[in-house]
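Worksheet for the structure shown next.
The values are calculated or read from the model by the stated rules, or taken from the named source; none is laboratory data. Not measured: the values here are computed from a predicted model. Every residue, glycine among them, receives a Cβ derived from its backbone with ideal geometry; neighbour counts consider all protein chains shown. With ligands, DNA and RNA removed, areas are computed over all heavy atoms of the protein, side chains included. Shrake-Rupley method; radii C 1.70, N 1.55, O 1.52, S 1.80 Å.
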Amino acid sequence: MASDAGEAQLQVRFITKQEQYAVSDSPYAIQSNIQSSELNTLLNALLKESNKTLEKAVEFDFLICSELLVSSVAEHLQEKGLSTEDTLEIEYLERFPAPSPQDCLMHDDWVSAVHTHGNWILSGSYDNSVHIWNTKGQHKLAIPGHTSPVKAVSWVSFNDSQAVFVSGSHDQSTMLWVWNVAGNSVDCVVTCRGHDKGVECLSVSADANRFATGSWDNNVCLWSASLSDEDNVPVKKKSKPEQGNVREPLTTLKGHREAVSGVQWMDYNTVVSSGWDHLLKIWDCELGGIKQEIAGNKAFFDVDWSPLSNSLVTASADRHIRLYDPRSTDSIVKTTYTSHTGWVQSVRWSKTRDTLFLSAGYDGQVKLWETRSPKTPLYDLSGHEDKVLCCDWTNPALLISGSCDNTLRIFKSKHATANA
């Protein structure tokens with residue numbers, strides 16, 4: 001490309017999937033050194049011409065060759081090795097607004113697990129307790145029961161009068177709890193024992209009938225989430241005082257050679273797990289065998305699955321986040337995201353937008369990513385003063401993270417809308 005490419009004129013055509021913001025698809029001439037802020041000004045002027053009722057400017061992001069524009073158009077084209085001679089298609093979409101800090105919830109020790117359901121937040125801490133909060137930041141309950149740090153928590157089900165949730169701990173147990181919402185009291189109904197080392201992660205199936213746990217004993221266990229001891233649920237006689245009945249796993253999935261760091265349900269019969277052995281394993285729960293194995297080059301610390309994009313996102317020890325398409329026949333790693341300066345500990349997809357996810361790392365940063373922008377996150381959600389251990393985006397309006405600074409930080413998303 002010529003050195004004076006910055007001053008070169010470009011023919012561009014604007015396209016969008018958001019029909020309310022469509023403009024004429026006739027080509028426009030622009031300077032190639034234009035950046036997204038100037039493209040925004042131009043596009044809003046075109047919108048104003050075609051839609052007189054548009055009262056205020058709309059902020060847009062721009063996609064060129066399926067990647068978000070974060071530099072000048074000329075630099076973007078140069079990086080992609082594209083000519084400035086051809087008419088360029090620029091896709092635009094409404095920019096996801098910056099989340100705003102809402103709350104900081106103090107704990108007595110590190111916050112290592114978090115999960116949200118509607119207006120209720122569960123957190124797990126190194127003080128060996130599970131905590132229930134509402135989204136206004138009020139602390140409802142501190143729940144003792146585990147004898148070591150709580151590393152994983154998840155809501156199971158909700159109805160008008162009671163909620164069921166599950167917690168996993170380094171004490172090797174997972175506990176199934178019932179919370180009487182009106183009376184604000186909690187009972188441990190079942191203690192699940194089947195791991196020989198600490199429980200590191202857990203995930204509840206979409207139908208809330210089962211949950212999966214991953215452990216430092218290198219195994220994944222599948223459990224019934226039923227509150228009653230049905231025939232198909234193995235129950236042990238109590239050999240020592242336990243909270244509630246003691247339950248054994250329905251299935252134990254063996255295959256990892258080191259600790260299991262993350263586990264998620266992909267569908268009713270499929271679970272994916274990530275391990276310190278540099279492997280992702282996709283399991284057939286009915287057969288108890290491995291459907292697929294994906295090798296990485298460093299230890300995996302977390303994995304999350306998006307049914308919206310049919311993609312896996314992973315956190316690793318090498319500072320990078322990777323996007324995998326397990327169905328792909330060529331390169332399984334679709335994209336690598338680089339911005340964290342330390343280990344990435346936790347990753348979570350948006351439940352409503354197929355191109356957005358959260359990451360949290362040992363560099364104290366929480367980042368909100370657009371899958372089409374691999375080098376630059378959309379936003380840094382700052383505030384933590386130590387390593388960030390967990391994050392959650394189950395409630396589309398709330399981006400939540402827990403840290404070694406003993407806090408749970410809540411950011412509010414301005415619009416929790418469906419896919420752009």
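Return the FRET efficiency for the residue pair GLN20, SER228: r is the Cβ-Cβ distance, R0 is 56 Å, and the value is rounded to the nearest 0.05.
0.65
Quick check for you: with a 1.4 Å probe and neighbouring chains kept, what is the accessible area per residue of segment 100-412, in Å²?
Value for segment 100-412: 38 Å² per residue.
How big is the chain by the Kirkwood estimate over distinct Cα pairs, in Å?
Computed over the chain, the radius equals 23.0 Å.
If you count only protein heavy atoms with a 1.4 Å probe, what accessible area per residue comes out for segment 9-94, rounded to a whole Å²?
56 Å²
Leaving out ligands, DNA and RNA, and with a 1.4 Å probe, what % of the accessible surface on segment 9-94 is carbon or sulfur?
After summing per-atom areas, the C and S share lands at 45 percent.
Accessible area of segment 100-412 with a 1.4 Å probe: how many percent of it is carbon plus sulfur?
45 percent
Calculated FRET efficiency, ASN269 and ASP196, Cβ-Cβ r, R0 25 Å, to nearest 0.05?
0.45
What does the extension gain come out to for GLN162 and ALA142, with contour length at 0.36 nm per residue minus their alpha carbon separation?
Net length gain for the segment: 5.5 nm.
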